[in-house]
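The values are calculated or read from the model by the stated rules, or taken from the named source; none is laboratory data. As the structure is a computational prediction, the values presented were derived from the model and not from experiment. When we count neighbours, we look across all protein chains shown, and the Cβ atoms used for this are built from the backbone with ideal geometry, even at glycine. Areas reflect the complete protein model, heavy atoms only, side chains present, ligands, DNA and RNA absent. Shrake-Rupley method; radii C 1.70, N 1.55, O 1.52, S 1.80 Å.
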Amino acid sequence: MSENNKFQLGTIGALSLSVVSSVSIVICNKALISSLGFTFATTLTSWHLLVTFCSLHVALWMKLFEHKPFDARAVMGFGILNGISIGLLNLSLGFNSVGFYQMTKLAIIPCTVLLETLFFRKKFSRNIQLSLAILLLGVGIATVTDLQLNLLGSILSLLAVVTTCVAQIMTNTIQKKFKVSSTQLLYQSCPYQAITLFIIGPFLDALLTNQNVFAFKYTPQVLFFIVLSCLISVSVNFSTFLVIGKTSPVTYQVLGHLKTCLVLAFGYVLLHDPFSWRNILGILIAVVGMVVYSYYCTVESQQQKASEVSQLPQVKESESDPLISVDNGSGILSDGIVAKAPAWNSNKDLHA
């Protein structure tokens, strides 16, 4: 099997793992938050990261991957920034309407494109930009319901978007610069993320819910779903780093919007959530955007490889990482969760 085919299979596996694990944790957390009243999303995320680190430590002990230390300051800064971005996303939902929070999530893609264009001189063709616009329009129609603005909520949303974009760009950049795998980066950054959220989590959750996480009544059912959520989060966190490392931050965000569509469909089919023509229209437009995005990424990837063969020096980087690409076609995928549950149903894992 050629290296290109192996890379494509690895990318498909990473994308599939990301979608399945993210949708699974949304379902689990929806039951935990909506049905059982455990509304402490930030604290729960710190437990997710702690369990992920412990799992990776066991994997390291079993020699399933090799520990590769690198710039400690870069790892610490990256881990703390990731933890802060999670807290800001939770605050954004807590101080904004669900509709404005969805707009915040949609803003991550154009912000990422802008940052990569300004600081990394990355080129995004008009076809790629058009496909992203179609995608964002579809997801916006399907998910954005109300837009109630307030100054504090707007500032928090802006900070959440910027920190999330920078953290995701750093995920891709660090892996390539230091030649570390997604597992190695996740293993080294997890403790800093977990500690950051473990410190700010209880205070943040108390601010958003007016409840104390330590005073909550932990029934066997609640404990079961917490443990299940933590176990699924291992796959969510790992697949997030894996997808960004194999593709790009923009492709990861596009992939994430598939989760919105899947969660909407799941809620309608199994939970009988309200589902209107607007949801259907938005999902269809989003799917068209995903198909177009993947198609043009595949075409540009093939063109870039042909250019590299014929003219090796001064090859410009482009957004050429398709969601799924094969020789004669492409598949599609995209993120997000629609917060139908209480305002606290925000969690990095839910839109990872």
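Would you please list the contacts, defined by Cβ atoms under 6 Å and residues six or more apart or on different chains, that run from a residue in the stretch 189-202 that is more than 16 Å from A74 (Cα to Cα) and at pLDDT 90 or above to a residue that is part of a helix (DSSP H, G or I) and open to solvent by 10 Å² or more (accessible area, probe 1.4 Å)?
A194/L50
Residue under question is E319, and the condition is that it be charged (D, E, K, R), over 17 Å from the mean Cα position of the chain (by Cα), at pLDDT 65 or above and within 22 Å of L15 (Cα to Cα); does it hold?
no
Mind checking which residues of the stretch 198-230 are surrounded by 16 or more Cβ atoms within 10 Å (Cβ to Cβ), closer than 30 Å to E66 by Cα and over 17 Å from the mean Cα position of the chain (by Cα)?
Residues satisfying the conditions are F198, I226, L228.
On the given criteria, is S92 open to solvent by less than 60 Å² (accessible area, probe 1.4 Å), among the polar types (S, T, N, Q) and in contact (Cβ under 8 Å) with a residue 60 or more places away in the chain?
yes
Quick one: V113 ticks every box in (1) among the hydrophobic types (A, V, I, L, M, F, W, C); (2) surrounded by fewer than 22 Cβ atoms within 10 Å (Cβ to Cβ); (3) without any contact (Cβ under 8 Å) to a residue 60 or more places away in the chain; (4) closer than 25 Å to N237 by Cβ except a single one, so which number is it?
Only one criterion is unmet by V113, namely (3).
Examine the stretch 45-54 for a residue that is at pLDDT 90 or above, of a type in the set (A, V, I, L, M, F, W, C) and within 17 Å of I169 (Cα to Cα), and state whether such a residue exists.
Looking for residues that are at pLDDT 90 or above, of a type in the set (A, V, I, L, M, F, W, C) and within 17 Å of I169 (Cα to Cα), one finds none in the stretch 45-54, hence no.
Residue check: is H67 more than 18 Å from Q168 (Cβ to Cβ), of a type outside the set (D, E, K, R) and outside any helix (DSSP H, G or I)?
It is true that H67 is more than 18 Å from Q168 (Cβ to Cβ), of a type outside the set (D, E, K, R) and outside any helix (DSSP H, G or I).
Among the residues of the stretch 23-39, which ones are open to solvent by less than 10 Å² (accessible area, probe 1.4 Å), closer than 14 Å to V227 by Cβ and part of a helix (DSSP H, G or I)?
Residues satisfying the conditions are I25, C28, N29, L32.
Please enumerate the residues belonging to the stretch 116-137 that are assigned to a helix (DSSP H, G or I), closer than 16 Å to Y295 by Cβ and either open to solvent by less than 40 Å² (accessible area, probe 1.4 Å) or without any contact (Cβ under 8 Å) to a residue 24 or more places away in the chain (or both). Working first, answer last.
Of the stretch 116-137, the ones assigned to a helix (DSSP H, G or I) are 116-120, 126-137.
Those left that are additionally closer than 16 Å to Y295 by Cβ: 126-135.
If the condition is that a residue be assigned to a helix (DSSP H, G or I), closer than 16 Å to Y295 by Cβ and either open to solvent by less than 40 Å² (accessible area, probe 1.4 Å) or without any contact (Cβ under 8 Å) to a residue 24 or more places away in the chain (or both), then R126, I128, Q129, S131, L132, L135 are the ones that fit.
Please indicate, with yes or no, whether at least one residue in the stretch 242-258 is part of a helix (DSSP H, G or I), surrounded by 23 or more Cβ atoms within 10 Å (Cβ to Cβ), hydroxyl-bearing (S, T, Y) and modelled with pLDDT under 90.
Yes - at least one qualifying residue is present in the stretch 242-258.
Looking only at residues in the stretch 151-161 that are open to solvent by less than 80 Å² (accessible area, probe 1.4 Å) and touching a helix residue (DSSP H, G or I) at 6+ places or on another chain (Cβ under 7 Å), which one is modelled with the lowest pLDDT?
Only one residue fits best here, namely G153.
Output the residues belonging to the stretch 40-65 that are open to solvent by 60 Å² or more (accessible area, probe 1.4 Å) and more than 20 Å from the chain's Cα centre (by Cα).
C54, H57, V58, W61, M62, K63, L64
Looking at (1) surrounded by fewer than 21 Cβ atoms within 10 Å (Cβ to Cβ); (2) at pLDDT 85 or above, which is the only condition L185 fails?
(1)
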